[in-house]
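Undergrad: Below you will find the structure I want to go over with you.
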Amino acid sequence: MSAMIRSLWGACALGALSLPVWAETTLTIATVNNGDMIRMQKLTDDFTAQHPDIKLQWVTLEENTLRQRVTTDIATKGGQYDVVTIGNYEVPIWARQNWLLALDGLPEGYDADDLLPAVRSALSVEGKLYAAPFYGESAMVMYRKDLVEKAGLTLSETPTWTEIFAAARAITDKDAEVYGICLRGKAGWGENMAFLTAMSNSYGAAWFGEDWKPQFDGPEWKATLTDYVAIMAEAGPPGASTNGFNENLALFQQGKCGIWIDATVAASFVSDPKESKVADQVGYAQFPNREGVENHGNWLWSWNLAVPASSKKAEAAKAFIAWATSKEYTELVASKEGWRAAPPGTRNSLYANAEYQKAAPFARLTLDAIGAVTPDHPSVKATPYTGGQFVSIPEFQAIGTAVGQQFSAAVAGQVKPEQALQSAQQLATREMTRAGYIK
């Protein structure tokens, strides 16, 4: 970046930044089809007003499809995208392979020091930021207070799985199309395996032992999958094996789901009276743990914006990323949608904001959940990997999705949990041996 542009960025307030140095540049932006990203697209007139020479072209995809296409393009240096939406799983791996550009030269007003330490650390390599977080999350329980109360039960703020399962069974009324619990069943390393990895951590399981041998033949994974399949059969909705985040969100908003355990980012959507029929009846609790296991499902995720090394429009791309992940963007969302809708889980300043705390009853639990994450120690067992609801190795995308297919088949009733675990053990062992982890 030229000294002149750095000078301009340092001298201008971020909200008023306008650098007419790109002659009709078109940025192609690959993103995921979730609510926060769709909202961002609707608000980009603010960006284009500041940058009239930059046009935006959107490629909006379902989560699994986004991951496949972006991974293929960036690995082959295809150059199809100028800005990509990726997770904190990909960022450090891709940065070390020189697939991403460091976000050097962000405006002074951007205030990277305001980013939550856990999130910023997950997006940095050797002190350099390689992606900026659009929103961050851990995982939590969202439940219908009215249904739980009607059943004569209560849920504590730190529930056990025993409490959750008992409540789910009690509030299920399939004749009325009210299902006690909604959990991810759609196959994918970032879909059902995000939830199941977090759940398995809370059961004391691990993906791999210290020798990198898979652990699906152990009692902890057996208990995890057995309980998961059983509760989905007893209290879950029909077609659960194809439901991911968006499908379960819709079920909860429509009043058809009593308990939903998923990303903390969902809290703003289930509590939105314009979209959710049960907005005034939602309660929140921490991700459950199993009795005797001090682990509440270490889940840390952020959807982030990054610039592929293959992009020829890096400076324009950085300008967009700076806008979309800034404090000013948060204020823009609040002015249009209210503070409850502000992108969560990225900045300390949001959680220090009294207006946000008042508008978002889930704010404290979200911050507590993110702050309690220990990605360097995802399991109570000793592991050779870091992560949380994923394993931070390049091979995990393929292995995680393959295992997820086995577990999704178990939910669909096509195989028994024992068979799914055996298949998972075999395929993970084969792939880890092939990759050289197992000697």
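Undergrad: Return the total of residues in the stretch 85-119 being under 14 Å from Pro375 (Cβ atoms) and part of a strand (DSSP E or B). Quick ask: steps written out before the conclusion?
TA: Keep residues of the stretch 85-119 that are under 14 Å from Pro375 (Cβ atoms), which gives 87-89, 91-93, 116-119.
Among the residues that remain, those that are also part of a strand (DSSP E or B) are: 87.
Number satisfying all stated conditions: 1.
Undergrad: Check whether at least one residue in the stretch 315-323 is hydrophobic (A, V, I, L, M, F, W, C) and assigned by TED's automatic domain parsing to the domain that holds Asp146, and report yes or no. Can you show your working first?
TA: As a first pass, look at the stretch 315-323 and keep what is hydrophobic (A, V, I, L, M, F, W, C): 316-317, 319-323.
Now restrict to residues that are assigned by TED's automatic domain parsing to the domain that holds Asp146: none.
No, the conditions are met nowhere in the stretch 315-323.
Undergrad: Using the structure shown, decide if Gln426 is out of contact with any His (no Cβ under 9 Å at 6 or more places or on another chain), surrounded by fewer than 20 Cβ atoms within 10 Å (Cβ to Cβ) and not in a loop (DSSP other than H, G, I, E, B). Break it down stepwise before answering.
TA: Values: out of contact with any His (no Cβ under 9 Å at 6 or more places or on another chain): yes; surrounded by fewer than 20 Cβ atoms within 10 Å (Cβ to Cβ): yes; not in a loop (DSSP other than H, G, I, E, B): yes.
Considered against the rule, which asks whether it is out of contact with any His (no Cβ under 9 Å at 6 or more places or on another chain), surrounded by fewer than 20 Cβ atoms within 10 Å (Cβ to Cβ) and not in a loop (DSSP other than H, G, I, E, B), Gln426 comes out as yes.
Undergrad: Follow-up. Cβ-Cβ distance below 7 Å, separation of 6 or more or different chains: which pairs start in the stretch 171-194 with a residue that is part of a strand (DSSP E or B) and end on one that is aromatic (Phe, Trp, Tyr)?
TA: Cys182/Phe252; Cys182/Trp260
Undergrad: Looking at Ala167, Ala205 in this structure, which one is surrounded by 24 or more Cβ atoms within 10 Å (Cβ to Cβ) and assigned to a helix (DSSP H, G or I)? Steps first, please.
TA: Working: Ala205 fails: assigned to a helix (DSSP H, G or I).
Just one listed residue meets the conditions, Ala167.
Undergrad: Separate question: Of the residues Ala75, Ala102, Ala49, which single one is at pLDDT below 95, out of contact with any helix residue (DSSP H, G or I) (no Cβ under 7 Å at 6 or more places or on another chain) and of a type in the set (A, V, I, L, M)?
TA: Details: Ala102 fails: at pLDDT below 95; Ala49 fails: at pLDDT below 95.
Answer to the selection: Ala75.
Undergrad: Hey, among Ala359, Ala341, which residue is small (Gly, Ala, Ser) and either more than 20 Å from the chain's Cα centre (by Cα) or at pLDDT 95 or above (or both)?
TA: Working: Ala341 fails: either more than 20 Å from the chain's Cα centre (by Cα) or at pLDDT 95 or above (or both).
Being small (Gly, Ala, Ser) and either more than 20 Å from the chain's Cα centre (by Cα) or at pLDDT 95 or above (or both) holds for just one of Ala359, Ala341, which is Ala359.
Undergrad: Filtering the stretch 81-101 down to residues that are hydrophobic (A, V, I, L, M, F, W, C) and under 14 Å from Ser121 (Cα atoms), which residue is nearest to the chain's Cα centre (by Cα)? Walk me through how you get there before you give the answer.
TA: Taking the stretch 81-101 first, the residues hydrophobic (A, V, I, L, M, F, W, C) are 83-84, 86, 91, 93-95, 99-101.
Those still in the list that are under 14 Å from Ser121 (Cα atoms) too: 91, 93, 95.
Numbers: Val91: 13, Ile93: 17, Ala95: 19 Å.
Of everything passing the filter in the stretch 81-101, Val91 is nearest to the chain's Cα centre (by Cα).
Undergrad: Quick one: is Leu155 touching a residue at least 60 places away in the same chain (Cβ under 8 Å) and in a loop (DSSP other than H, G, I, E, B)? Reasoning before the result, please.
TA: Values: touching a residue at least 60 places away in the same chain (Cβ under 8 Å): yes; in a loop (DSSP other than H, G, I, E, B): yes.
Spelling it out, Leu155 is indeed touching a residue at least 60 places away in the same chain (Cβ under 8 Å) and in a loop (DSSP other than H, G, I, E, B).
Undergrad: Now for a different question. Taking Ser138 as meeting all but one of (1) crowded, with 23+ Cβ neighbours inside 10 Å; (2) within 14 Å of Ile259 (Cα to Cα), write down the number of the exception.
TA: Going through the list (1) crowded, with 23+ Cβ neighbours inside 10 Å; (2) within 14 Å of Ile259 (Cα to Cα), Ser138 breaks only (2).
Undergrad: Also, I was wondering about something else. Evaluate the stretch 104-123: report whether one residue or more is of a type in the set (Ser, Thr, Tyr), within 30 Å of Trp161 (Cα to Cα) and under 23 Å from the mean Cα position of the chain (by Cα).
TA: No, the stretch 104-123 contains no residue that is of a type in the set (Ser, Thr, Tyr), within 30 Å of Trp161 (Cα to Cα) and under 23 Å from the mean Cα position of the chain (by Cα).
Undergrad: Kindly indicate which of Ala235, Ala198 is among the aliphatic types (A, V, I, L, M) and more than 20 Å from Gly400 (Cα to Cα).
TA: Working: Ala198 fails: more than 20 Å from Gly400 (Cα to Cα).
So the residue among Ala235, Ala198 that is among the aliphatic types (A, V, I, L, M) and more than 20 Å from Gly400 (Cα to Cα) is Ala235.
Undergrad: Within the stretch 246-264, can one find any residue that is modelled with pLDDT under 95 and in a helix (DSSP H, G or I)?
TA: Initial filter on the stretch 246-264 (modelled with pLDDT under 95): 246.
Among the residues that remain, those that are also in a helix (DSSP H, G or I) are: 246.
Yes - at least one qualifying residue is present in the stretch 246-264.
Undergrad: Turning to a different aspect of this structure: I'd like the residue in the stretch 141-150 that is surrounded by fewer than 19 Cβ atoms within 10 Å (Cβ to Cβ) and touching a helix residue (DSSP H, G or I) at 6+ places or on another chain (Cβ under 8 Å) and, out of all such residues, is farthest from Lys318 (Cα to Cα). Show your work before the answer.
TA: We begin by selecting, within the stretch 141-150, every residue surrounded by fewer than 19 Cβ atoms within 10 Å (Cβ to Cβ); these are 145-146, 149-150.
Right, trim to touching a helix residue (DSSP H, G or I) at 6+ places or on another chain (Cβ under 8 Å) and you get 145-146, 150.
On the way: Lys145: 44, Asp146: 46, Lys150: 51 Å.
Ranking the candidates gives Lys150 first.
Undergrad: May I ask you to say which residue of Leu350, Leu332, Leu305 is part of a strand (DSSP E or B) and in contact with a helix residue (DSSP H, G or I) (Cβ under 7 Å, 6 or more places away or on another chain)? Break it down stepwise before answering.
TA: Details: Leu350 fails: part of a strand (DSSP E or B); Leu332 fails: part of a strand (DSSP E or B).
The conditions single out Leu305.
Undergrad: So in the stretch 375-391, with the set limited to residues that are within 17 Å of Gly204 (Cβ to Cβ) and among the polar types (S, T, N, Q), which one is surrounded by the most Cβ atoms within 10 Å (Cβ to Cβ)?
TA: Applying the filter and picking the extreme gives Gln389.
Undergrad: State whether the residues of the stretch 120-135 include one that is buried (at least 23 other Cβ atoms within 10 Å of the Cβ), part of a helix (DSSP H, G or I), of a type outside the set (Gly, Ala, Ser) and at negative phi.
TA: No, the conditions are met nowhere in the stretch 120-135.
Undergrad: I'm told Pro343 meets every condition in (1) assigned by TED's automatic domain parsing to the domain that holds Ala240; (2) buried (at least 22 other Cβ atoms within 10 Å of the Cβ) except one. Can you identify the failing condition by its number?
TA: For Pro343, the failing item is (1).
Undergrad: If you check Glu331 against the conditions, is it in the same structural domain as Asp45 (by TED's automatic domain parsing), at pLDDT 95 or above and surrounded by 14 or more Cβ atoms within 10 Å (Cβ to Cβ)? Before the answer, list the steps.
TA: Working: in the same structural domain as Asp45 (by TED's automatic domain parsing): yes; at pLDDT 95 or above: yes; surrounded by 14 or more Cβ atoms within 10 Å (Cβ to Cβ): yes.
Criteria met by Glu331.
Undergrad: Being touching a Ser or Thr at 6+ places or on another chain (Cβ under 8 Å) and among the aromatic types (Phe, Trp, Tyr) is the filter; apply it to the stretch 375-425 and report the residue that is farthest from Asn88 (Cα to Cα).
TA: So the residue we want is Tyr385.
The values are calculated or read from the model by the stated rules, or taken from the named source; none is laboratory data. Just so we're clear, the structure is a prediction, and the values are computed from it rather than from any experiment. Neighbour counts are summed over all protein chains in view; Cβ atoms, including those assigned to glycine, are modelled from backbone coordinates with ideal geometry.
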